[in-house]
Amino acid sequence: MKRSLRRYLRKRGASDAEIENSVRGGYLALLALDRGIMPGARRYTMEQMAEKAGTDLQTARAVWRAIGFPDIPDDLAAFTDADLRTIRSFVARFDHPWLIGWSMERALSQARVASSSLARVADSIVDDVAGSLRSARAAGATDEEIAETLAEHADFEGVAELIDHVYRLQLRSAMWRRLAGNEPDAPGTVEAAVGFVDLVGYTALAEELEDEHLAALVQRFIDLAHDTVVGAGGRIVKTIGDEVMFVTDTVATAALVAIRLTERSIGDELLPETRAGIAAGRLVAREGDYFGPVVNLAARLTEIARPGTVLAPSELGDAISHDDRFIVRRVASRRIRDIGRVDICVLERARP
């Protein structure tokens with residue numbers, strides 16, 4: 001092994017025993033990735049870290065679980081100085097809170113949301129890393145050569161800076177969106193439009209397609225949905241395999257997003273047709289997600305929509321009937337599961 005690689009690993013907290021074991025086990029490149037992402041010697045057990053952070057073992061364990069990781073053996077020294085600083089900062093926020101009513105319950109809830117979102121980010125990055133490693137090995141690179149390349153060129157700090165900056169941009173946007181003009185005594189609800197778009201026949205496709213092709217199809221749908229929703233001024237709430245949930249500030253924007261997505265899927269060689277349902281009204285907003293009867297109605301309308309169509313309650317259609325970008329076609333009322341009979345309409349784009 002080159003001295004420069006060994007020096008890199010040692011500087012980032014890897015012991016000689018760990019380095020030698022990685023060489024024998026054939027995971028030297030993985031060790032280089034590990035220490036590039038999280039440098040520092042593993043010095044503390046959970047109890048030692050809690051004590052140094054000025055908190056109790058129960059709190060430290062609760063935080064560790066909240067950020068998405070299971071309990072570890074009590075005698076295992078698995079934590080670095082960076083872990084210690086983070087726990088210390090977490091508990092210090094209770095000494096001088098800037099939020100009224102700040103509590104451990106709320107702090108842990110925020111940690112869970114952040115962990116869930118960042119786990120998806122991490123999985124996406126690792127997909128690309130895995131593809132890069134496969135290509136390097138297919139080209140004949142050894143584990144040590146790959147580790148040397150990673151040690152020299154991997155830019156985890158750049159990724160962290162991007163995530164931090166995007167978080168600040170999104171936080172600023174959410175605060176203006178949720179707080180500007182709203183009364184402080186009415187939190188937790190917003191007036192907005194919500195929509196769902198799903199792939200028609202996805203279950204059958206999942207049985208027929210190879211894993212690689214299915215993954216490419218889902219990724220294409222997510223990319224198309226993100227581009228369409230964000231480009232129109234909406235926000236993606238979540239993606240669940242073959243379905244995307246989005247919210248917009250206006251009814252017209254929701255209609256435009258849903259119509260554009262169904263149209264774009266028809267013209268896409270990779271994707272099957274999509275269908276959509278939208279509704280508008282008061283939504284319960286909690287931890288980045290939305291709930292309530294309006295959300296349920298949009299979801300149920302999506303279930304009964306035909307391929308390539310967008311369904312909405314008639315009241316929503318009336319609200320945009322004057323907009324010359326849309327055609328609103330009333331259809332017979334339908335009994336919708338768990339909701340009852342609803343007057344509905346089909347929304348289409350007006351042609352020049």
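Read the figures in this text as sums done on the coordinates, not as results from a lab. Remember, it's a predicted structure, so these values are computed and weren't measured experimentally. Counting neighbours? That spans all protein chains shown, and the Cβs are built from the backbone with ideal geometry, glycine included.
Could you give the dipole magnitude of region 188-349 about its Cα centre, charging the beta-carbon of Lys and Arg +1 and that of Asp and Glu -1, in debye to the nearest 20? Intermediate values should be presented prior to the final figure.
Working: 18 positive and 26 negative charges, 170 e Å.
The calculation lands at about 820 debye.
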- Item | Anchor Lys2: aspartates and glutamates whose Cα lies under 17 Å away (excluding residues fewer than 8 positions away in-chain) | Asp16, Glu18, Glu20, Asp143, Glu144, Glu145, Glu148, Glu152
- Query: log10 I(q)/I(0), Debye, Cα-only region 3-154, no solvent, q = 0.10, 0.17 Å⁻¹?
  - Reply: -0.47, -1.07
- Item | Dipole of the chain [Lys/Arg +1, Asp/Glu -1 at C-beta], most positive-end residue of Gly25, Val121, His153 | Val121
- Item | Candidate aspartates and glutamates - alpha carbon under 16 Å from Lys238, same-chain residues fewer than 8 apart omitted | Asp123, Asp198, Asp223, Asp227, Glu287, Asp289
- Task: Please list, in chain and number order, the residues 5+ apart from Trp102 or on another chain whose amide H is under 5 Å from its amide H, with Hs placed from the backbone.
- Result: none
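Starting from the Cα gyration tensor of region 188-349, multiply each eigenvalue by 5, take the square root, and state the resulting semi-axes largest first in whole Å. Walk me through the numbers on the way to the answer.
Working: eigenvalues 118, 59, 50 Å².
Whole-Å semi-axes of the equivalent ellipsoid: 24, 17, 16.
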- Dimensions in Å of region 66-148 - Rg and Dmax from alpha carbons: 18.9, 59
- Item | Spacing of the two label points (7 Å from each Cα toward its C-beta) at Asp155 and Glu207, in nm | 4.6
- Item | Inter-part distance where region 246-301 and region 148-168 are each reduced to a Cα centre, Å | 34
- Message: I'd like to know which of Ile304, Leu133, Tyr290 lies farthest towards the positive end of the charge dipole of the chain, counting +1 on Cβ of Lys and Arg and -1 on Cβ of Asp and Glu.
- Response: Tyr290
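Taking only complete DSSP H runs, can you tell me which helices of the chain stretch 27 Å or more along their own long axis by Cα positions and average at least -0.5 on the Kyte-Doolittle scale? Numbers along the way, then the final one.
Working: long enough: 104-138 (49 Å, 0.09); 156-179 (34 Å, -0.09); 211-232 (32 Å, 0.41).
Counting only whole DSSP H runs, the qualifying helices are 104-138, 156-179, 211-232.
Just the ratio, please: alpha-carbon radius of gyration of the chain over 2.2 N^0.38 Å, N its number of residues.
Details: Rg = 25.2 Å, N = 352, 2.2 N^0.38 = 20.4 Å.
In units of the 2.2 N^0.38 Å rule of thumb, it is 1.23.
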- Please list, in chain and number order, the residues 5+ apart from Leu271 or on another chain whose amide H is under 5 Å from its amide H, with Hs placed from the backbone. none
- Efficiency of FRET from Cβ geometry, Gln219 and Tyr167, R₀ 30 Å, rounded to 0.05: 0.80
- Message: Let me check I've understood the local charge: for Gly231, count other residues with C-beta under 13 angstrom from its C-beta, Lys and Arg +1, Asp and Glu -1. What total comes out?
- Response: +1
- Note on the structure: So Arg106 and Asp323, fully extended at 0.36 nm per residue minus their Cα-Cα distance, gain in nm 73.8 nm
- Message: Report the Cα centroid-to-centroid distance between region 84-103 and region 43-79 in angstrom, as an integer.
- Response: 17
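How would Val229, Val284, Val328 line up from fewest to most surrounding beta-carbon atoms within 10 angstrom?
Numbers: Val229 26, Val284 14, Val328 20.
Sorted ascending by nearby Cβ count, the order is Val284, Val328, Val229.
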- Distance in nm between Ala114 and Phe69 label points, each 7 Å along Cα→Cβ, equals 1.4
